[in-house]
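*Asks:* Here it is: the structure, laid out below.
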Amino acid sequence: IRAAYNLDSDKKLVFTIGRLVPKKGLELILDAADNFDLDGYQFVIAGTGPLESKLVSQVRERELDNVHVVGRISEEHKRAFFQECDMFLFTSYSEGFPITILEAMKHGCNILASDIPGPRDVINAQNAVLFEPGDSEDLGRKISQADWDGKSEAARRDIKRLRPEKVAKQYLSVFRET
């Protein structure tokens, strides 16, 4: 996947995917890449939306050679990024049920996510690293200094409790109690 997108094999790969809209907090990635010594990392932002051209322009204007806005990607490439990435990044300001975090957990990714409701329903300090929402300084620090020991294994283990058949049984038990 690195060759397909002309990515450096010597740098850590940080991946995010989603709709490119303001509530996703993607400017935090640009700010962290611009203001912290993250030369050993390369960031891939995948997806489409109203902010795509603005993000591409900002990357160019700020000369962020380690940030790549790649647009829409195929399911095959998405799986490859999840398998290859050193870290999955989730920067949203608000979110319901975070499907991309579940995908990252399934692939055993190290997950760095905004500490907001929604994601907190599925991740915690044992299986992910959380950062203060909207805080690019905290994000930059966590990218470069996070302790990932055991997190990806815990994420892979914890995703099993969220299998559809288990969740459906839990929902049914709630409805039967009413």
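The values are calculated or read from the model by the stated rules, or taken from the named source; none is laboratory data. Treat the numbers as computed from the prediction; the structure is a model and nothing was measured. Heads up, the Cβs are rebuilt from the backbone with ideal geometry, glycines too, and the neighbour counts pull from every protein chain shown. When the accessible area is computed, the model is the full protein with side chains, heavy atoms only, and any ligands, DNA or RNA have been set aside. Shrake-Rupley method; radii C 1.70, N 1.55, O 1.52, S 1.80 Å.
*Asks:* Of the numbered conditions (1) touching a residue at least 40 places away in the same chain (Cβ under 8 Å); (2) on the phi < 0 side of the Ramachandran plot; (3) open to solvent by 20 Å² or more (accessible area, probe 1.4 Å), E61 fails exactly one; give the number of that condition.
*Replies:* Just one mismatch for E61, condition (1).
*Asks:* Could you tell me how many of the residues in region 87-141 are farther than 19 Å from R161 by Cα, touching a residue at least 40 places away in the same chain (Cβ under 8 Å) and assigned to a helix (DSSP H, G or I)?
*Replies:* Residues meeting the conditions: 5.
*Asks:* In region 56-78, what count of residues is obtained for those that are of a type outside the set (S, T, N, Q) and not in a loop (DSSP other than H, G, I, E, B)?
*Replies:* Total meeting the criteria: 13.
*Asks:* Please specify each residue of region 14-32 satisfying the condition of being within 20 Å of R62 (Cα to Cα) and in contact with a helix residue (DSSP H, G or I) (Cβ under 8 Å, 6 or more places away or on another chain).
*Replies:* Scanning region 14-32 gives V14, F15, T16, L20, L26, E27, L28, I29, L30, D31, A32.
*Asks:* Sticking with this structure for a sec: So how many residues does region 1-16 have that are of a type in the set (S, T, N, Q) and surrounded by 13 or more Cβ atoms within 10 Å (Cβ to Cβ)?
*Replies:* 1
*Asks:* Restricting the search to region 64-102, which residues are open to solvent by less than 20 Å² (accessible area, probe 1.4 Å) and not aliphatic (A, V, I, L, M)?
*Replies:* Matches in region 64-102: N66, G71, F81, F82, C85, F88, F90, T91, S92, P98.
*Asks:* Okay, moving on. Within the group F82, F15, which residue is in contact with a His (Cβ under 7 Å, 6 or more places away or on another chain), among the aromatic types (F, W, Y) and modelled with pLDDT of 95 or more?
*Replies:* Result: F82 is the single residue among F82, F15 that is in contact with a His (Cβ under 7 Å, 6 or more places away or on another chain), among the aromatic types (F, W, Y) and modelled with pLDDT of 95 or more.
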